[in-house]
Amino acid sequence: MKDIISLNRSFLLLARQHANDPVASLATGLPKETLKVLEGLSIEQIDTLAANLPLSVFTMRLNPSQIEVAAKDEPHAASRFMVSALAARSDTGAIQ
């Protein structure tokens, strides 16, 4: 459980730090409205939020075949694939 809390805290702090970045929603998978809320939270509030959530606050947005393609390519090719896949995601946050 401590690992999930630590991962949640790191993710939430990163999302908060980059909330005003034009690609923050794409990079984090969080809606702009959620990023706006996170931006207004203090570090103490982020810590409390991370500790009170029993599950991770981020999810994998790739399907198994997309993971296989990205994992087999060269690192720079995998990065290009991931950016392309994320950019193609639907409004629901799922990658097509």
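The values are calculated or read from the model by the stated rules, or taken from the named source; none is laboratory data. None of the values given here were measured: they were computed from a predicted structure. Cβ: placed from backbone, ideal geometry, glycine included. Neighbour counts: every protein chain shown.
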Legend entry - Extreme residue, farthest from LEU13 (Cα to Cα), among residues of the range 56-72 that are within 14 Å of the chain's Cα centre (by Cα) and hydrophobic (A, V, I, L, M, F, W, C): LEU62
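So that you can scan it fast, the table gives a plain yes or no per residue for (1) assigned to a helix (DSSP H, G or I); (2) surrounded by fewer than 14 Cβ atoms within 10 Å (Cβ to Cβ); (3) small (Gly, Ala, Ser); (4) at pLDDT 90 or above:
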residue: ILE5; (1), (2), (3), (4): yes, no, no, yes
residue: ASP21; (1), (2), (3), (4): no, yes, no, yes
residue: LEU38; (1), (2), (3), (4): yes, no, no, yes
residue: ILE46; (1), (2), (3), (4): yes, no, no, yes
residue: SER65; (1), (2), (3), (4): yes, yes, yes, no
residue: MET82; (1), (2), (3), (4): yes, no, no, no
residue: LEU86; (1), (2), (3), (4): yes, no, no, no
residue: GLN96; (1), (2), (3), (4): no, yes, no, no
Inset, instruction - Count, please, the residues in the range 10-47 that happen to be of a type outside the set (Lys, Arg) and within 14 Å of the chain's Cα centre (by Cα). - result: 22
Legend entry - Selection count, the range 8-19, where residues are surrounded by fewer than 16 Cβ atoms within 10 Å (Cβ to Cβ) and either in contact (Cβ under 8 Å) with a residue 12 or more places away in the chain or touching a Leu at 6+ places or on another chain (Cβ under 7 Å) (or both): 1
Inset, instruction - Mind listing whichever residues of the range 51-63 are of a type in the set (Gly, Ala, Ser) and part of a loop (DSSP other than H, G, I, E, B)? - result: SER56
Inset, instruction - Go through the residues of the range 20-41 one by one and say whether even a single one is of a type in the set (A, V, I, L, M, F, W, C), under 19 Å from VAL83 (Cα atoms) and touching a residue at least 60 places away in the same chain (Cβ under 8 Å). - result: yes
Legend entry - Qualifying positions in the range 25-36 - hydrophobic (A, V, I, L, M, F, W, C) and either part of a helix (DSSP H, G or I) or exposed (fewer than 13 other Cβ atoms within 10 Å of the Cβ) (or both): LEU26, ALA27, LEU35
